[in-house]
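One structure is given below, encoded as C-alpha coordinates.
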Amino acid sequence: MKGVYRADAKTHIFVSSDIVPDDYVLKANESFENPTGKVSPAKLQGAGWVDATPEEHEAYLKQQEEEFLAQHPTQVQQPDRGDQALNLLGQQIAKMQQQQTTLMQSVNALGQTVTKATVSSAAQPANSQSAAPAQSAASAQTSAQAQA
(Lines give C-alpha, C1' and ligand atoms only; values in the text may rest on other atoms or scores of the structure.)
Protein backbone atom coordinates (compact mmCIF):
# COMPACT_ATOMS: atom_id res chain seq x y z
CA MET A 1 0.00 0.00 0.00
CA LYS A 2 1.18 3.47 -0.85
CA GLY A 3 -0.17 6.96 -1.26
CA VAL A 4 -1.19 8.57 -4.50
CA TYR A 5 -1.64 12.35 -4.72
CA ARG A 6 -3.92 13.96 -7.30
CA ALA A 7 -3.94 17.36 -8.96
CA ASP A 8 -6.79 19.22 -10.65
CA ALA A 9 -6.74 18.54 -14.40
CA LYS A 10 -6.96 22.24 -15.35
CA THR A 11 -4.92 24.04 -12.65
CA HIS A 12 -2.57 21.17 -11.70
CA ILE A 13 -3.04 22.15 -8.04
CA PHE A 14 -3.16 19.42 -5.38
CA VAL A 15 -6.75 18.35 -4.62
CA SER A 16 -6.76 14.92 -2.96
CA SER A 17 -4.91 11.79 -1.93
CA ASP A 18 -5.69 8.08 -1.51
CA ILE A 19 -4.09 4.86 -0.39
CA VAL A 20 -3.61 2.46 -3.29
CA PRO A 21 -2.11 -1.03 -3.76
CA ASP A 22 1.61 -1.30 -4.46
CA ASP A 23 0.94 -2.34 -8.08
CA TYR A 24 -1.21 0.77 -8.81
CA VAL A 25 -0.47 2.46 -12.14
CA LEU A 26 -0.53 6.27 -12.09
CA LYS A 27 -3.09 8.08 -14.21
CA ALA A 28 -2.86 11.59 -15.62
CA ASN A 29 -2.48 14.28 -12.90
CA GLU A 30 -1.33 11.77 -10.23
CA SER A 31 1.95 11.32 -8.39
CA PHE A 32 3.39 9.10 -5.68
CA GLU A 33 5.35 12.11 -4.37
CA ASN A 34 3.79 13.66 -1.25
CA PRO A 35 3.23 17.44 -1.68
CA THR A 36 3.11 18.00 2.09
CA GLY A 37 5.56 20.73 3.06
CA LYS A 38 5.33 22.49 -0.29
CA VAL A 39 4.16 26.12 -0.39
CA SER A 40 0.45 26.11 -1.22
CA PRO A 41 -0.92 25.83 -3.77
CA ALA A 42 1.61 23.20 -4.86
CA LYS A 43 1.40 22.37 -8.56
CA LEU A 44 2.04 19.03 -10.22
CA GLN A 45 4.66 19.27 -12.95
CA GLY A 46 5.54 15.97 -14.53
CA ALA A 47 5.82 13.43 -11.71
CA GLY A 48 6.67 15.93 -8.94
CA TRP A 49 5.22 18.87 -7.04
CA VAL A 50 6.51 22.45 -7.30
CA ASP A 51 6.15 25.19 -4.66
CA ALA A 52 3.88 28.12 -5.44
CA THR A 53 5.50 31.53 -5.91
CA PRO A 54 5.03 34.07 -3.10
CA GLU A 55 2.46 35.92 -5.23
CA GLU A 56 0.53 32.71 -5.97
CA HIS A 57 0.65 31.80 -2.29
CA GLU A 58 -0.76 35.20 -1.19
CA ALA A 59 -3.52 35.01 -3.80
CA TYR A 60 -4.32 31.44 -2.71
CA LEU A 61 -4.57 32.47 0.97
CA LYS A 62 -6.83 35.40 0.09
CA GLN A 63 -9.08 33.15 -1.99
CA GLN A 64 -9.26 30.58 0.82
CA GLU A 65 -10.20 33.30 3.32
CA GLU A 66 -12.91 34.70 1.04
CA GLU A 67 -14.38 31.23 0.48
CA PHE A 68 -14.40 30.54 4.21
CA LEU A 69 -16.09 33.85 5.02
CA ALA A 70 -18.69 33.24 2.30
CA GLN A 71 -19.51 29.86 3.84
CA HIS A 72 -19.36 31.12 7.44
CA PRO A 73 -20.73 34.67 7.55
CA THR A 74 -20.09 36.50 10.77
CA GLN A 75 -23.18 37.40 12.69
CA VAL A 76 -23.40 40.14 15.25
CA GLN A 77 -24.69 38.50 18.37
CA GLN A 78 -27.12 40.46 20.47
CA PRO A 79 -26.57 40.12 24.21
CA ASP A 80 -29.10 37.86 25.89
CA ARG A 81 -31.17 38.92 28.91
CA GLY A 82 -28.60 37.56 31.35
CA ASP A 83 -25.81 39.58 29.72
CA GLN A 84 -28.00 42.70 29.73
CA ALA A 85 -28.81 42.23 33.43
CA LEU A 86 -25.13 41.72 34.28
CA ASN A 87 -24.23 44.85 32.33
CA LEU A 88 -26.90 46.85 34.19
CA LEU A 89 -25.60 45.62 37.55
CA GLY A 90 -22.09 46.64 36.58
CA GLN A 91 -23.30 50.13 35.69
CA GLN A 92 -25.16 50.39 39.01
CA ILE A 93 -22.06 49.31 40.94
CA ALA A 94 -19.94 51.89 39.11
CA LYS A 95 -22.47 54.63 39.95
CA MET A 96 -22.57 53.57 43.61
CA GLN A 97 -18.78 53.62 43.78
CA GLN A 98 -18.79 57.19 42.45
CA GLN A 99 -21.40 58.17 45.04
CA GLN A 100 -19.38 56.48 47.78
CA THR A 101 -16.25 58.40 46.74
CA THR A 102 -18.17 61.69 46.81
CA LEU A 103 -19.66 60.82 50.21
CA MET A 104 -16.24 59.95 51.64
CA GLN A 105 -14.83 63.25 50.39
CA SER A 106 -17.73 65.12 52.01
CA VAL A 107 -17.28 63.26 55.31
CA ASN A 108 -13.55 64.03 55.31
CA ALA A 109 -14.20 67.72 54.61
CA LEU A 110 -16.81 67.83 57.39
CA GLY A 111 -14.40 66.11 59.77
CA GLN A 112 -11.71 68.69 59.02
CA THR A 113 -14.19 71.52 59.59
CA VAL A 114 -15.30 70.04 62.95
CA THR A 115 -11.67 69.57 64.00
CA LYS A 116 -10.83 73.21 63.17
CA ALA A 117 -13.92 74.44 65.03
CA THR A 118 -13.09 72.31 68.08
CA VAL A 119 -9.49 73.56 68.16
CA SER A 120 -10.64 77.17 67.77
CA SER A 121 -13.28 76.94 70.50
CA ALA A 122 -10.88 75.18 72.86
CA ALA A 123 -8.32 77.96 72.37
CA GLN A 124 -10.82 80.82 72.97
CA PRO A 125 -11.92 79.86 76.51
CA ALA A 126 -8.32 79.50 77.59
CA ASN A 127 -7.58 83.03 76.38
CA SER A 128 -10.79 84.35 77.97
CA GLN A 129 -9.96 82.80 81.35
CA SER A 130 -6.42 84.17 81.38
CA ALA A 131 -7.73 87.58 80.34
CA ALA A 132 -10.31 87.64 83.17
CA PRO A 133 -7.80 87.53 86.09
CA ALA A 134 -5.73 90.17 84.36
CA GLN A 135 -8.83 92.36 84.07
CA SER A 136 -9.65 91.72 87.76
CA ALA A 137 -6.14 92.71 88.82
CA ALA A 138 -6.31 95.86 86.72
CA SER A 139 -9.71 96.71 88.23
CA ALA A 140 -8.36 96.18 91.73
CA GLN A 141 -5.42 98.48 91.07
CA THR A 142 -7.70 101.15 89.66
CA SER A 143 -9.95 100.88 92.73
CA ALA A 144 -6.98 101.05 95.09
CA GLN A 145 -5.62 104.13 93.38
CA ALA A 146 -9.00 105.80 93.48
CA GLN A 147 -9.22 105.24 97.22
CA ALA A 148 -5.82 106.59 97.88
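Checking the conditions here, which among THR74, THR36 is surrounded by fewer than 10 Cβ atoms within 10 Å (Cβ to Cβ), of a type outside the set (Asp, Glu) and either modelled with pLDDT of 90 or more or out of contact with any strand residue (DSSP E or B) (no Cβ under 6 Å at 6 or more places or on another chain) (or both)? Step through it out loud before you land on a result.
Values: THR36 fails: surrounded by fewer than 10 Cβ atoms within 10 Å (Cβ to Cβ).
Only one candidate qualifies: THR74.
Name the pairs: first residue in the range 112-123 and open to solvent by less than 80 Å² (accessible area, probe 1.4 Å), second residue at pLDDT 85 or above, Cβ to Cβ under 7 Å, at least 6 apart or on different chains?
Filtered contacts from the range 112-123: no entries.
If the requirement is being farther than 30 Å from ASN34 by Cβ, modelled with pLDDT under 75 and surrounded by 10 or more Cβ atoms within 10 Å (Cβ to Cβ), which of these qualifies: GLN105, GLN84, GLN147, GLN141? First the steps, then the outcome.
Working: GLN105 fails: modelled with pLDDT under 75; GLN84 fails: modelled with pLDDT under 75; GLN147 fails: surrounded by 10 or more Cβ atoms within 10 Å (Cβ to Cβ).
So the residue among GLN105, GLN84, GLN147, GLN141 that is farther than 30 Å from ASN34 by Cβ, modelled with pLDDT under 75 and surrounded by 10 or more Cβ atoms within 10 Å (Cβ to Cβ) is GLN141.
Give me the strands (runs of 3 or more DSSP E) completely within the range 1-97, filtered to those with at least 3 residues that are among the β-branched types (Val, Ile, Thr), ordered by residue number. Working first, answer last.
Details: elements: 2-7, 14-20, 43-45, 48-50.
Per the criteria, 14-20.
Which members of the range 57-71 meet the condition of being within 20 Å of THR11 (Cβ to Cβ) and surrounded by fewer than 10 Cβ atoms within 10 Å (Cβ to Cβ)?
Keep residues of the range 57-71 that are within 20 Å of THR11 (Cβ to Cβ), which gives 57-68, 70.
Matches in the range 57-71: PHE68, ALA70.
Can you tell which of ALA28, ALA42 is open to solvent by 70 Å² or more (accessible area, probe 1.4 Å) and free of Cβ contacts under 8 Å to residues at least 40 places away in the same chain?
Working: ALA42 fails: open to solvent by 70 Å² or more (accessible area, probe 1.4 Å).
Sole residue among the options that is open to solvent by 70 Å² or more (accessible area, probe 1.4 Å) and free of Cβ contacts under 8 Å to residues at least 40 places away in the same chain: ALA28.
The values are calculated or read from the model by the stated rules, or taken from the named source; none is laboratory data. Just so we're clear, the structure is a prediction, and the values are computed from it rather than from any experiment. For neighbour counting, all protein chains shown are included, and Cβ atoms are generated from backbone atoms with ideal geometry for every residue, glycine included. Just so you know, the surface numbers come from the protein's heavy atoms only, side chains and all, with ligands and any DNA or RNA stripped out. Shrake-Rupley method; radii C 1.70, N 1.55, O 1.52, S 1.80 Å.
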